[in-house]
1. Identify, by number, the condition in (1) assigned to a helix (DSSP H, G or I); (2) under 19 Å from B:THR362 (Cβ atoms) that B:ALA73 doesn't meet.
2. For the stretch A:66-84, how many residues are more than 7 Å from chain B (Cβ to nearest Cβ) and either basic (Lys, Arg) or open to solvent by less than 80 Å² (accessible area, probe 1.4 Å) (or both)?
3. Taking the options B:VAL166, B:VAL62, name whichever one is open to solvent by 20 Å² or more (accessible area, probe 1.4 Å) and assigned to a helix (DSSP H, G or I).
4. If I filter the stretch B:433-447 for residues that are more than 25 Å from B:THR40 (Cα to Cα) and touching a Phe, Trp or Tyr at 6+ places or on another chain (Cβ under 9 Å), do I get at least one hit?
5. Checking the structure you have, find out if any residue of the stretch B:276-283 is of a type in the set (Lys, Arg) and modelled with pLDDT of 90 or more.
6. What number goes with the only condition from (1) facing chain B (nearest Cβ under 10 Å); (2) under 19 Å from the mean Cα position of the chain (by Cα) that A:LEU51 does not pass?
7. Is it the case that the stretch B:197-217 has a residue that's crowded, with 21+ Cβ neighbours inside 10 Å, within 12 Å of chain A (Cβ to nearest Cβ), in contact (Cβ under 8 Å) with a residue 24 or more places away in the chain and more than 30 Å from B:LEU402 (Cβ to Cβ)?
8. Select, from B:LEU393, B:LEU422, B:LEU404, the only residue that is modelled with pLDDT of 90 or more and either in a helix (DSSP H, G or I) or small (Gly, Ala, Ser) (or both).
Amino acid sequence: MGKTSQNLYEIFGEVIAEHDFLKAFLITGGLAFLMYFSAPKIVSMLGREDLLNALRVTLSALGAFFGFIVSTAIIEPKRIVEEE
Amino acid sequence: MDIVSLLIQATFLTAFSVLLYIIIGMIPGTDETATIAPITLAFLAAGFDPLLVLAWFMGTIVAFKAADAVPTALAAIPGGVMAVPQVPDALVARKYGYSEIILRKGITASVIGTVVAIAITLPLSFYLTPLGELLKNPAGPLDWPGWVYLIVAGILLLAVMSKAKVLALLAIFPFAMLVQGLRGLYGQSAFISIFLAITIGPILYELLTLISPNNHHLKRQDYARIKLVKTGKISLNPLHHLTKVEVMLSSLLAGLSGILATFMSPVGLTVLFGDLVKESQKDELKGSLMAYAVRDAIKNATYIGGTLIPLIALGVPTGPMSAGPAHPFFAELAAFGGLTPRDVLLQRYSTSTIILVTVYATLFAAVLAYLILIKYSKQLTRFVFKKVPAEALYATFLAIVLVLAYNDAGIAGIFGSILVGLISATFVRNGVSIGILFMVLVAAPYLVGLLF
């Protein structure tokens, strides 16, 4: 516990691993942009082209949120909690 | 939308925002602006009802401001930027074995700050509404609208009060030129991408430093070690947690700070009044406990006052809070036909409906956050520290910022955001308040106009 083969860095008092950050960024960024570019197809399927701009932003935020859930599940936090 | 339906939706949204932002607020290094503004902006840019987004926003403020002090009390690690001034107080409390006491004092004081701020600033906002019309009319030697003079005065005040006074003053015109230069390149008055770049700048700077070969100062061999102090069962009765003097000081200073935050920096007010209270006490422990409680009350009050007075009364962003985290409500958005969410809010709803929903959402959020934090602060802190990786959180906010920057100005918006983020972070890292940069963004067309 407390060791990893990756390079560790301290940012704002948090320790992060470079590969894990890259993985999280690819997942969240990938899902956010995937949802963004899927929006035109989704609105045409719904027959509501007037909602395109609104849905683009909502779907991409939702994509980023899904990315956060997935990343949280697969990445180990780099903290050791000790209780007094 | 009828009032019952509004209140039901506000209940769900506020409850969700409280739960989400309690967790985000506890995570070290999460900046308030970087975590609150992008999601608020995403909701508004998607055309969600401004009153419901305001209910969401009040929930995020109340929960974040109460939760960011929890890891500060339990582990001397600030959950957010606004909790940094509380770390020395928490360390003194820890030395005397008062960590649990300071924890419940902080949570209770943040509820007091919320209640006092909403009770004072919301009615005041409606009384000040005529002033808003005056501030929109061009006046004075430069023929600027009145609010621009206010915001420029705020920039100068914040600059001379910041650590790096000369750099802060020197930053004003170059940063305004950067903003206007990018807008010229984009061929439109882009706002979202530049605004978000400032919010995410400090995190972006640190992350990009990792690519540099000179990043060795950031390297670590081991995971972060966090020591959590022992806590017992905490009473739910708020009257058990604060002394009469602490209640009085927290109420008084929260009310005053809530009004001053219309023009002044929330961090500045938290430091200023907290330090004054601390210095007024000869006893180190008593001073720290009192200052910690007062700072928690001020944190909530400044965010609420700094949002509501400019939003309802003035109609223009006049301080670091309204030009920063709350600025999405003042932005002209395509989803509202080029109007601002603030205009739509006041056109769509009566004064009584706005008051009712805002008061309800804020008080509901305060009670919910209080109950959760008083009862489960230790378990939640343990859960967040053990289960939520910082990588996932930083990556999520970065992804939201990049996609919104792309939506605002295409690929150029992404590169422009990186540029603005890096320059903003350089100023912030060298002692310039981020509030100055937000206010310069708002006043940029007028400031650059002085140069040509």
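The values are calculated or read from the model by the stated rules, or taken from the named source; none is laboratory data. For clarity, every value in this text was computed on a predicted model and none was experimentally measured. Methodologically, a virtual Cβ is constructed for each residue, glycine included, from the backbone with ideal geometry; neighbour enumeration extends over all protein chains shown. Surface accessibility is based on the protein's heavy atoms, side chains included, excluding ligands, DNA and RNA. Shrake-Rupley method; radii C 1.70, N 1.55, O 1.52, S 1.80 Å.
1. (2)
2. Number satisfying all stated conditions: 1.
3. On the way: B:VAL62 fails: open to solvent by 20 Å² or more (accessible area, probe 1.4 Å).
Just a single option satisfies the conditions, and that option is B:VAL166.
4. Restricting attention to the stretch B:433-447, the residues satisfying the condition of being more than 25 Å from B:THR40 (Cα to Cα) are B:446-447.
Still in the running and touching a Phe, Trp or Tyr at 6+ places or on another chain (Cβ under 9 Å): B:446-447.
There is at least one residue in the stretch B:433-447 that is more than 25 Å from B:THR40 (Cα to Cα) and touching a Phe, Trp or Tyr at 6+ places or on another chain (Cβ under 9 Å).
5. Residues of the stretch B:276-283 of a type in the set (Lys, Arg): B:278, B:282.
Subsequent filtering for residues that are modelled with pLDDT of 90 or more retains none.
Checked against the condition, which is being of a type in the set (Lys, Arg) and modelled with pLDDT of 90 or more, the stretch B:276-283 yields no hits at all.
6. It is condition (2) that A:LEU51 fails.
7. No, the conditions are met nowhere in the stretch B:197-217.
8. Values: B:LEU393 fails: modelled with pLDDT of 90 or more; B:LEU404 fails: modelled with pLDDT of 90 or more.
When all the criteria are applied, what remains is B:LEU422.
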